[in-house]
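Trainee: Got a structure for you, questions after.
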Amino acid sequence: MSERVIPLAVEGMATLPMRVPPQPVAVTGQLDDTLGRPLRDLRISVTDRCNFRCSYCMPKDVFDKDYPYLPHSALLSFEEITRVARLFVAHGVHKIRLTGGEPLLRKNIETLVAMLAALRTPDGQPLDLTLTTNGSLLARKAQALKAAGLQRVTVSLDGLDDAVFRRMNDVDFPVADVLRGIEAAQAAGLGPIKVNMVVKRGTNEDQILPMVRHFRGTGIVLRFIEYMDVGATNGWRLDEVLPSAQVLEHIRRDMPLVPLQPGTPGETAERWGHAGPDGRHDPQAGEIGLISSVTQAFCGDCNRARLSMEGRLYLCLFASQGHDLRALLRRGASDAELASAIGATWQARSDRYSALRAALPPEAAGAGRRIEMSYIGG
């Protein structure tokens, strides 16, 4: 059997230079791409490291003790991140999500949170500042994150059964510690909390109902995510995707749900509320979400840009190329030059991978190189 060799997440990925356009791009708070999609959401990855080895994200046979992570000098500093974020906000970003890897592994992450929390939109409003975490360090960090200005967290949790959870994180981490982290986040006021469960057929679908029952009525929004073809190291296969429609059918056989309207433009999750005895949504019982990134593309109103930990700008979660913002930043470009470069890059955006994948035959779905989820975040 031949040895499997997986290169660095960024090797083989095209890196395009970001150029300052001859004609400056005006900073108006409204920046649209070629499909008329506005820039509203910025996901910032702060580290390529994680302490879990989930098979769908950072499989242990690839991300082992010899894996060449980026050196600290390659990462954007907190000052660089904040400067770039301020320019994105000027272009219309209202929401910033910190991600990883596992973002709580970045030393002094609370300092970055405080710096970003001080930013304001052009009309003087604070940002929607949130963070996605595996929850392993949340119990010890929740209060400090809240004090620094973080508003809410999203926790990745793929099952309540301890054996299932330990098998999925592949580092023997107990589910009880993640649940304690969620409780600490609630106590600190980091809410509303969202819990994301990646559903992989044949692995954890038996955890769907226990998860719904556990979080029903807690004020926590549970969301089910279809197993996605992000990256090239997870061995993704279409037959391991459990469509959201089947997840919904499974839940509705056990408890009544009613459809809810989207909360915000560009929202990725289809919302369903727990129904009360009168058949209408019972807000006290809460809601669930379904993120159907494989079976129901939501490219049409995608308003998200992604910034990697070393300053590459990606315009799609499934991108095969990034734009080198760090080089421009460290060459001494002015704010006006950086803002124009960001603006021109977004204005040229035409990415709609999921919509195009839907037209492919099953054997072609998931083919080709794309950036790793552990590198760019979810």
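Every number in this text was worked out from the coordinates using simple rules, so none of it is lab data. Quick caveat: nothing in here was measured; it's all calculated off a predicted structure. Here Cβ is always computed from backbone atoms with ideal geometry, including for glycine, and neighbour counts include all displayed protein chains.
Trainee: Pick from Asp48, Asp177, Asp278: which residue has the top mean-square fluctuation in a GNM of the chain where Cα pairs under 10 Å get a spring?
Mentor: Comparing Asp48, Asp177, Asp278 in the GNM, the peak value goes to Asp278.
Trainee: Specify the residue with the greatest mean-square fluctuation among Thr132, Thr111, Thr82, computed from a Gaussian network of the chain linking alpha-carbon atoms under 10 Å apart.
Mentor: Evaluated over the chain, the most mobile residue of the options is Thr111.
Trainee: Output the antiparallel fraction of DSSP beta bridges having both residues in the chain, as a percent to the nearest 5.
Mentor: Values: 15 of 49 bridges.
Bridges in the chain are about 30 percent antiparallel.
Trainee: With +1 on the Cβ of every Lys and Arg and -1 on the Cβ of every Asp and Glu, and nothing else charged, how large is the dipole of segment 100-215 about its Cα centre, in debye rounded to the nearest 20? List each step's numbers first, then the result.
Mentor: Working: 14 positive and 13 negative charges, 56 e Å.
So the dipole magnitude of segment 100-215 works out to roughly 260 debye.
Trainee: Positive end of the dipole of the chain, charges at C-beta (+1 Lys, Arg; -1 Asp, Glu), about the Cα centre: which of Leu307, Asn108, Phe63 has its Cα farthest in that direction?
Mentor: Result: Asn108.
Trainee: Using the structure shown, list the pairs from Lys95/Lys194; Lys65/Lys141; Lys65/Lys107 with a Cα-Cα distance above 18 Å, or answer none. Walk me through the numbers on the way to the answer.
Mentor: Numbers: Lys95/Lys194 15 Å; Lys65/Lys141 26 Å; Lys65/Lys107 20 Å.
The answer is Lys65/Lys141; Lys65/Lys107.
Trainee: Give me the net charge of Thr133's neighbourhood, meaning all other residues with Cβ under 9 Å from the Cβ of Thr133; Lys, Arg count +1, Asp, Glu -1. Could you put the intermediate results ahead of the total?
Mentor: On the way: positive: Lys141; negative: Glu102.
Value of the local net charge: 0.
Trainee: Helix 78-90 versus the longest principal axis of the chain: what angle, 0 to 90°, nearest 10, using Cα atoms?
Mentor: 90 degrees
Trainee: Which three extents, in whole angstrom, do the alpha-carbon atoms of segment 57-189 cover along their principal axes, largest first?
Mentor: 49, 37, 23
Trainee: Tell me the net charge near Arg180. Cut-off is 14 Å between Cβ atoms, Arg180 excluded, with +1 for each Lys or Arg and -1 for each Asp or Glu.
Mentor: On the way: positive: Arg140, Lys141; negative: Asp162, Asp177, Glu183.
Around Arg180, the charge tally is -1.
Trainee: Assigning unit charges at the beta carbon (Lys, Arg +1; Asp, Glu -1) and nothing else, what dipole magnitude in debye, to the nearest 20, does segment 262-315 show about its Cα centre?
Mentor: Values: 5 positive and 7 negative charges, 52 e Å.
Taking the Cα centre of segment 262-315 as origin, the dipole is about 260 debye.
Trainee: Residues with beta-carbon under 10 Å from that of Arg43, excluding Arg43: net charge, scoring Lys, Arg +1 and Asp, Glu -1?
Mentor: Details: positive: Lys95, Arg97, Arg304, Arg306; negative: Asp41.
Net charge around Arg43: +3.
Trainee: Can you give me the distance in nm between label points at Thr264 and Gln246, each placed 7 Å from the Cα along the Cα-to-Cβ direction?
Mentor: Once both label points are built, they end up 3.2 nm from each other.
Trainee: Now for a separate question. In deg cm²/dmol, rounded to 500, what helix-only [θ] at 222 nm does the chain give when every DSSP H run of at least 4 residues adds -39500 (n - 2.57) and the total is split over its residues?
Mentor: It lands at -7500 deg cm²/dmol.
Trainee: Taking 7 Å along the Cα-to-C-beta vector as the label spot, tell me the Gln30-Thr111 distance in nanometres, rounded to one decimal.
Mentor: 4.0 nm
Trainee: 5 Å is the cut-off here: which amide hydrogens, built 1.01 Å from N in the peptide plane, fall below it relative to Ala275, excluding neighbours closer than 5 in sequence?
Mentor: Amide H neighbours of Ala275: Leu257, Val258, Asp282.
Trainee: OK, next. Taking the Cα atoms of segment 220-337, report the difference between the largest and smallest coordinate on each principal axis, in whole Å and largest first.
Mentor: 63, 35, 24
Trainee: Right, something else. Whole-Hz Karplus ³J(HN,Hα) for segment 310-323, in order, using 6.51 cos²θ - 1.76 cosθ + 1.60 and θ = phi - 60°, x for Gly and Pro?
Mentor: For segment 310-323, the Karplus curve yields 10, x, 9, 9, 10, 9, 7, 4, 9, 5, 10, 8, x, 10 Hz.
Trainee: If you wrap a convex hull around the Cα atoms of segment 110-151, how much volume per residue is inside, in Å³?
Mentor: Details: hull volume 2.6 nm³, N = 42.
Given the Cα convex hull of segment 110-151, per-residue volume reads 62 Å³.
Trainee: Now, a different point. Hey, got the dipole for the chain? About the Cα centre, +1 on K and R Cβ, -1 on D and E Cβ, debye to the nearest 20?
Mentor: Details: 45 positive and 43 negative charges, 142 e Å.
For the chain, the charge dipole is close to 680 debye.
Trainee: List the extent of the Cα atoms of the chain along each of their three principal axes, largest first, rounded to whole Å.
Mentor: Taking max minus min along each principal axis of the Cα atoms, the chain gives 61, 58, 43 Å.
Trainee: Further, regarding this structure: For segment 285-346, treating each Cα as an identical point scatterer without solvent, what Debye log10 I(q)/I(0) comes out at q = 0.16, 0.23, 0.24 1/Å?
Mentor: -0.65, -1.00, -1.05
Trainee: Here's a follow-up. Give the average over all directions of the projected area of the C-alpha convex hull of segment 160-281, one decimal, in nm². Walk me through the numbers on the way to the answer.
Mentor: Working: hull surface 36.3 nm².
Quarter of the Cα hull surface area: 9.1 nm².
Trainee: Follow-up question, since we're still on this one. Of the residues Pro210, Pro38, Pro277, which exhibits the maximal mean-square fluctuation in a Gaussian network model of the chain defined by a 10 Å Cα contact cut-off?
Mentor: Of Pro210, Pro38, Pro277, the Gaussian network model singles out Pro277 as fluctuating most.
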